[in-house]
1. If you plug each phi of the stretch 196-206 into the Karplus form 6.51 cos²θ - 1.76 cosθ + 1.60 with θ = phi - 60°, what whole-Hz ³J(HN,Hα) values come out, in order, with x for Gly and Pro?
2. Under a Cβ-Cβ cut-off of 14 Å, what is the net charge of the residues other than Arg162 that fall near it, where Lys and Arg count +1 and Asp and Glu count -1?
3. Please compute the contact order of the stretch 410-504 in relative form: average sequence separation of alpha-carbon pairs under 8 Å and at least six residues apart, divided by the residue count, as a percent.
4. Quick check for you: which residues of the stretch 54-70 have the amide N under 11 Å from the point 7 Å beyond the Cα of His95 toward its beta carbon?
5. Grab the beta carbon distance between Ser498 and Tyr283, set R0 = 51 Å, and tell me the FRET efficiency rounded to 0.05.
6. Would you please classify the overall shape of the stretch 398-504 from the alpha carbon gyration tensor, given that a ≥ b ≥ c denote the square roots of the eigenvalues, rounded means a/c under 1.5, and beyond that prolate means a/b larger than b/c while oblate covers the rest?
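Bear in mind these aren't lab numbers, they're just calculated from the coordinates by the rules spelled out. These figures come from a predicted structure and were not determined experimentally. Don't worry about glycine lacking a Cβ; one is built from the backbone with ideal geometry, like all the others, and counts go over all protein chains shown.
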Amino acid sequence: MLINMLTYLAIVFSLLMFIEAEQRWHTSQIILSKLYDLQNDHFNALNKYLDLEVKRLEELKNYVNTVYEWRNHKKTNKDFLYNHLDVTRLMKQMHHHFFKIKDLIENKLSIEALKEIDEHKDLSGNHVLLAHLALRRLQIFYAIPASDMSAGRFNDRIIGDRMDACECYVMAKYCSKANDMYGVIEWAVETYYKWESDGQPKCVDSDILNFYIVSSSIYTGFDFMNLIHINRSTNLQKDTDKFLQYYHLIKNELFELDKKRALYIFEVYYYLEGRMCENEFRYLCQHGVSRTITKYSKCRYQTKNSFYRILMPFKEEDINNEPLIKIYHDVLYENEILRIKTMASENMRDAGILAAATGSTLNERSRSGQVYWINYYDAVEYFDSLNTRIETFTGFSTKTAELYQIVNYGLGGHYLPHHDPFQKGIVYLTDVKNDGYTAFPKLNIVASTEKGAALVWHNLNIFNGELIDETLHGSCPLLKGNKWIMTKWLYEEGQYLSYDWKNK
């Protein structure tokens, strides 16, 4: 559950969690799951450290007692002060005692135990902030009130455990860091109600919470400052008067900040609000069903004129006729799925977007997930039979196709509506119940995530090679579950086509 994982992510980072600066933990479920393994490694190192510390302190205590006894013996025998040789021995022994105690205090062995955690990793970066921003994007996209999200529900669905006052307070904090004042007021108010009901836990700084409520109330126009009167803030009136006095002077600067910084949060939301097909995308993702069922929605057993498939036919389902969209069920077998996940799990990288002007770029607002491209040698060794299956049910050659791309989605993982310049096939490696749909907003169609099934469609017109605009599609933001897919793009090159694709 994503909210649970976010909570765990925040806890782990508070426990001396070291992470790679270039890796975003929240963008992949497989990476998030490794937080548990990494925490176990750290706990093992900490336990070793504690064992060494107990041993060191016991040794230090015994040694100091020995030094005390030695000192008391010397103190009772004052004649040694007149014997220069004895004095020299005393000074040498004191010197030895000092450095022995110093070594025990400096604790070199214990410190070395902590170095079992990779010292080349650090706490730099803004990983927790990015994770909270992903959760906030989910909230905005699906229009989930903070009260519902903190209760771990969306409509009639359970999406996580209940969030307490401390976790709501952190959400308000990170909304403030992102200059998301509407998020601040929503989560600050939710924090206040939970703070009261949870017995006013110390994790919530009431003065900072007051500031969040005052500033966001004035900024947004939603006045919740009466809550602070109940909160008995001693500086409330003075702080409120001062804020109101200077607000008109900083208002323009706040709105400039809003444009520059809050755009990260709201850009996707406003972008989707402004275009009808993206509104349709949101609707399809929220409700998970197509609004209309067409006459083309049929299914059949299909041999594709393959002798082998007479005994084991494809389960072919028509989703749409123009453009052609089909689902082939049970295309991948369980052992193949396990092999694919195993190959990909250790090599995932944050997904990028291929931009014509700048090349591949990371843009989490448009796409959030992690990918792995199966290399040529592994593809030849393990996927020849799958290529044959794809060639059989598509009628196209895979010899000139792209390599297989494996994608795993994490907290709020998504891919906003886009076009692909190739014929595309998606093979689902997991079931994701009532979530993680592939949506075609211009066709009013959604395809659910079904393990082992292949979703296939034409991006280009088969007769002239023109882009089919209606194939605009996207991956719905993931609220709950673990979504794996594998994609395969087929090129025009190497196919028997009725048009001259080389000159296009």
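1. Values, residue by residue: 5, 6, 8, x, 6, x, 6, 5, 9, 7, 5 Hz.
2. -4
3. Numbers: 197 pairs, mean separation 38.6, N = 95.
In percent, rounded to a whole number, it is 41.
4. none
5. That pair, Ser498 with Tyr283, gives E of 0.85.
6. Verdict is prolate for the stretch 398-504.
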